[in-house]
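J.: First, the structure itself, so that you have it in front of you.
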Amino acid sequence: MKHIVIAHNYVIVGAGPTGVELAGSIGSYLKHITKLHHVSSVNARVHLVEAGPRILSQMSNRAANKVAKNLSKLGVIVHTSTQVQAETLNTLRTSIGSIKTNTVIWTAGTQNNEFFSNNKSVFSLDKRGKVVVDKHLCVTPTLYVCGDNASTKFSGLALTAVWHADFIAKDIVARIHHKNRPTKYERAPAQVVPAGRAWAVFQYRGIVMSGRLPSVIRRVADFVGYRDIVGTLKALTIWSNGDTTEEVCNTCRR
Ligand SMILES: Cc1cc2nc3c(=O)[nH]c(=O)nc-3n(C[C@H](O)[C@H](O)[C@H](O)COP(=O)(O)OP(=O)(O)OC[C@H]3O[C@@H](n4cnc5c(N)ncnc54)[C@H](O)[C@@H]3O)c2cc1C
């Protein structure tokens, strides 16, 4: 057994799906490589910093609690109700104290294009800066806003954006043919958030599942996504390499 000390704090800011997935991946990876290389002493920690009172605010309490438990098993330290205040070269200052780190990863959300805030005479924005739309996803009779930019219950998810586009296409066809316009654009998408190796949480309406099966569902969904973009062959290569953790180690050749 070697006595190697890895001293490092990885800090991820924002405990939405992206931050949780990343914290789980780094946590699992640290566990895996230290075991593989017989490292006896590890002083490496993953910190997940979240301004809100809990992680995964878009998911149910039940789902979020399951994820929090799994992250804790992986050694991830979750700091909720904690705001980032400043960052120096080797410290992140937060509202509850400082964390020594050289690696800060920001996953605390994206902002709407400033095109909307620059044109406030046309667009009304909600408190997240998203555009308020009517029941047809319209801002004016001839102007639609959809996907991440629209202030709807499930915006911020890829499937919602695709469903919005489909809805708008149907609305345009209905208007051309003077038929009744559709009004139901809100659909709850199933969500699968990985939080560690071969572990994920699945939520669809009231159903919550966690563990290996949801992670398989997620892997299949990832494959379908890759295939749509790069074709089957390349997608298979990317997908089957998804569990590769490292190339041959220069020190022990494992
Ligand atoms: C790191 C990360 C991980 C994510 N993971 C998931 C996930 O696992 N599952 C999930 O469901 N969702 C996920 N999302 C969210 C998902 O990507 C979005 O909900 C989805 O892409 C929204 O689609 P959209 O068409 O509204 O916007 P976008 O996909 O952002 O498309 C907008 C497009 O408009 C272009 N554009 C911007 N300004 C202009 C301009 N002035 N003129 C012309 N073009 C312009 C942009 O370049 C972009 O291509 C993730 C997002 C991020 C950032």
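Just so you know, all these numbers are worked out from the coordinates, no wet-lab data involved. Quick caveat: nothing in here was measured; it's all calculated off a predicted structure. Here the Cβ is made from the backbone with ideal geometry for all residues, glycine too, and neighbour counts use every protein chain on show.
J.: Rule-of-thumb check for the stretch 20-151: C-alpha Rg over 2.2 N^0.38 Å?
T.: 1.41
J.: Any chance you could check the Cα centroid distance between the stretch 47-65 and the stretch 145-174 for me, in angstrom?
T.: So the two Cα centres are separated by 25 Å.
J.: Something else now. Of 153/179; 31/100; 35/234; 120/170, which sit over 24 Å apart, Cα to Cα?
T.: On the way: 153/179 27 Å; 31/100 21 Å; 35/234 31 Å; 120/170 28 Å.
The pairs that break the limit, which is 24 Å between Cα atoms, are 153/179; 35/234; 120/170.
J.: About the Cα centre, and with charges only on the beta carbon of Lys, Arg (+1) and Asp, Glu (-1), how big is the dipole of the chain? Nearest 20 debye, please.
T.: Details: 32 positive and 15 negative charges, 146 e Å.
For this selection, approximately 700 debye.
J.: Let me ask something else about it. In degrees, nearest 10, range 0 to 90: what is the angle between the Cα axis of helix 17-36 and the longest Cα principal axis of the chain?
T.: The angle comes out at about 20 degrees.
J.: Find which of 157, 91, 117 sits farthest along the positive direction of the dipole of the chain, computed with +1 on the beta-carbon of Lys and Arg, -1 on that of Asp and Glu, about the Cα centre.
T.: Looking along the dipole axis, the top candidate is 157.
J.: Starting from the Cα coordinates of the stretch 82-194, work out the convex hull volume and express it per residue in Å³. Intermediate results must be reported in sequence, preceding the final value.
T.: Working: hull volume 15.9 nm³, N = 113.
Spelled out: Cα convex hull of the stretch 82-194, divided by residues, is 141 Å³.
J.: Let me check I've understood the local charge: for residue 152, count other residues with C-beta under 12 angstrom from its C-beta, Lys and Arg +1, Asp and Glu -1. What total comes out?
T.: Numbers: positive: 128, 130, 135, 153, 184, 187; negative: 126, 134, 148, 186.
Net charge around residue 152: +2.
J.: Relative to the compact globular guide of 2.2 N^0.38 Å, what is the alpha carbon radius of gyration of the stretch 24-91, as a ratio?
T.: Values: Rg = 14.2 Å, N = 68, 2.2 N^0.38 = 10.9 Å.
With N residues counted in the stretch 24-91, Rg over 2.2 N^0.38 Å equals 1.30.
J.: A further question on this structure: What is the set of long-range amide H partners of residue 91 at a cut-off below 5 Å, with H atoms built 1.01 Å from backbone N?
T.: Excluding prolines and chain starts, which carry no amide H, the hits are 101.
J.: A further question follows. Using only DSSP helix segments of four residues or longer, with each worth -39500 (n - 2.57), what per-residue ellipticity at 222 nm results for the chain after dividing by its residue count and rounding to 500? List each step's numbers first, then the result.
T.: Values: 6 runs with 84 residues, N = 254.
One gets -10500 deg cm²/dmol as the mean residue ellipticity at 222 nm.
J.: Between 240, 215, 25, where does the largest GNM mean-square fluctuation fall for the chain, given springs only between Cα atoms within less than 10 Å?
T.: 240
J.: Continuing with this model, one more query. If the elastic network links every pair of Cα atoms under 10 Å, which of 105, 172, 55 fluctuates the most in the Gaussian network model of the chain?
T.: For the chain, modelled as a Gaussian network with Cα springs under 10 Å, the answer is 172.
J.: Continuing with the same structure: Tell me which of 168, 48, 108 sits at the most positive position along the dipole axis of the chain, charges placed on C-beta atoms (Lys, Arg +1; Asp, Glu -1).
T.: 48
J.: How fast does the stretch 75-146 diffuse by Stokes-Einstein, in µm²/s, taking the Kirkwood radius from C-alpha pairs at 37 °C and 0.692 mPa s?
T.: Working: Rh = 15.6 Å.
Result for D is 211 µm²/s.
J.: At 0.890 mPa s and 25 °C, plugging the Kirkwood radius over alpha-carbon pairs of the chain into Stokes-Einstein gives what diffusion coefficient in µm²/s? Spell out each step's value before the answer.
T.: On the way: Rh = 21.0 Å.
D, rounded to a whole number, is 117 µm²/s.
J.: Hey, if you drop one equal point scatterer on each alpha-carbon of the stretch 119-176 and run the Debye formula without solvent, what base-10 log of I(q)/I(0) do you get at q = 0.21, 0.22, 0.23, 0.29 Å⁻¹?
T.: Values returned for q = 0.21, 0.22, 0.23, 0.29 Å⁻¹ are -0.77, -0.84, -0.90, -1.24.
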